[in-house]
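Worksheet: one structure, shown below.
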Amino acid sequence: MALKQLVRGVLQSVVPSRCPLCSVAVADPMLPCRGCFDELPWLDSEQFCHRCGAEVSFSLPDGCGACRGDRQMQDQTLCAFAYQPPISTMAVGGKFADQTRWAALLGSWMEPLLADSLIQDDFSAVVPVPLHPKRLRQRGYNQSALIAGELARSLGVPLWVERLQRIRATTPQTRLNKLERTRNVHRAFTVEPALDGEHLLLVDDTMTTGSTVAEAARTLKRCGAGGVTVLVAAKALRKTSENR
């Protein structure tokens, strides 16, 4: 490890790091330059329900009308970015174009948001929303697991990639409405072995209606999780996601 770090340091001194978005010289290759950083489509947490992540006029700690009565949903939700360029380009590339480096970058950019938000807790583990085994074989990797891995490393907690499992192959959510999405993912997950009161950070790459992370969170709680916090890289906003 020491040799690897030494070689990396020598290489960086010879070949300067570049902003991953515009390629200007930067000190850290995992971070964008100041100009690109300021242009990222960061989301204001007050525009979204603190519990389920739905767009609301104002946010209340105990949830909105859509989630307040559902005790099995996640306890908190944080969405880092709007699903807009360049984040949407990174998300699509990380999911469909085998550009796995984008997932690691998103994970590294999301971690500081945990300290700056209502989501401040000690997590037992980080859990990615899983793909069905068939889709995982087709794609070769789970983009949400790559993001989750970077977060787990930064937080210094375990990454659980196999505890939450997708046991039913579902139709792609893209062209489904909210009700269809909810039905599509109903009972699509399971947990093995059962949990014992752990507080988990559930990570996904994108969110539109929130049906997938809500069902995953319900499954984790039903199987023994003491608390579930959801962290999503990019959220499709209502006015731009009517057909998403």
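The values are calculated or read from the model by the stated rules, or taken from the named source; none is laboratory data. What you see is a predicted model; the values in this text were computed from it and never measured. Glycine also receives a Cβ, built like all others from the backbone with ideal geometry; neighbour counts cover every protein chain displayed.
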Residues located in the range 153-182, provided they are in contact (Cβ under 8 Å) with a residue 12 or more places away in the chain and within 19 Å of residue 74 (Cα to Cα) = 159, 160, 161, 163, 164, 165, 166, 178, 181, 182
key: Matching residues in the range 149-180 - criterion: being within 19 Å of the chain's Cα centre (by Cα) and under 18 Å from residue 135 (Cα atoms)   = 161, 162, 163, 164, 165, 166, 172, 173, 174
task = Evaluate the range 21-40: report whether one residue or more is under 20 Å from the mean Cα position of the chain (by Cα), of a type in the set (A, V, I, L, M), at pLDDT below 85 and farther than 22 Å from residue 123 by Cα.
result = yes
message = Here's a check for you: in the range 59-117, which residue that is modelled with pLDDT under 90 and of a type in the set (Val, Ile, Thr) is farthest from residue 224 (Cα to Cα)?
response = 89
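Among the residues of the range 193-216, what is the count of those that are closer than 27 Å to residue 89 by Cα and of a type in the set (Gly, Ala, Ser)? It would help to see each step written out before you state the result.
Looking only at the range 193-216, we keep the residues that are closer than 27 Å to residue 89 by Cα, and these are 201-216.
Now restrict to residues that are of a type in the set (Gly, Ala, Ser): 210-211, 214, 216.
Number satisfying all stated conditions: 4.
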query = Got a sec? Which of 194, 169 is closer than 23 Å to residue 149 by Cα and part of a loop (DSSP other than H, G, I, E, B)?
reply = 194
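Can you go through 107, 53 and tell me which one is part of a helix (DSSP H, G or I), surrounded by 22 or more Cβ atoms within 10 Å (Cβ to Cβ) and in the same structural domain as residue 213 (by TED's automatic domain parsing)?
Details: 53 fails: part of a helix (DSSP H, G or I).
Criteria check complete, one pass: 107.
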ask   = Restricting attention to the range 209-237, which residues are in a loop (DSSP other than H, G, I, E, B) and in contact with a helix residue (DSSP H, G or I) (Cβ under 7 Å, 6 or more places away or on another chain)?
value = 209
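Can you tell me which residues in the range 40-56 are in contact (Cβ under 8 Å) with a residue 12 or more places away in the chain and among the acidic types (Asp, Glu)?
Here is the first cut: in the range 40-56, the ones in contact (Cβ under 8 Å) with a residue 12 or more places away in the chain are 40-43, 45-55.
46, 55, listed by residue number.
Being assigned by TED's automatic domain parsing to the domain that holds residue 202, crowded, with 20+ Cβ neighbours inside 10 Å and touching a Lys or Arg at 6+ places or on another chain (Cβ under 8 Å) is the requirement here; does residue 123 meet it?
Details: assigned by TED's automatic domain parsing to the domain that holds residue 202: yes; crowded, with 20+ Cβ neighbours inside 10 Å: yes; touching a Lys or Arg at 6+ places or on another chain (Cβ under 8 Å): no.
In short, no.
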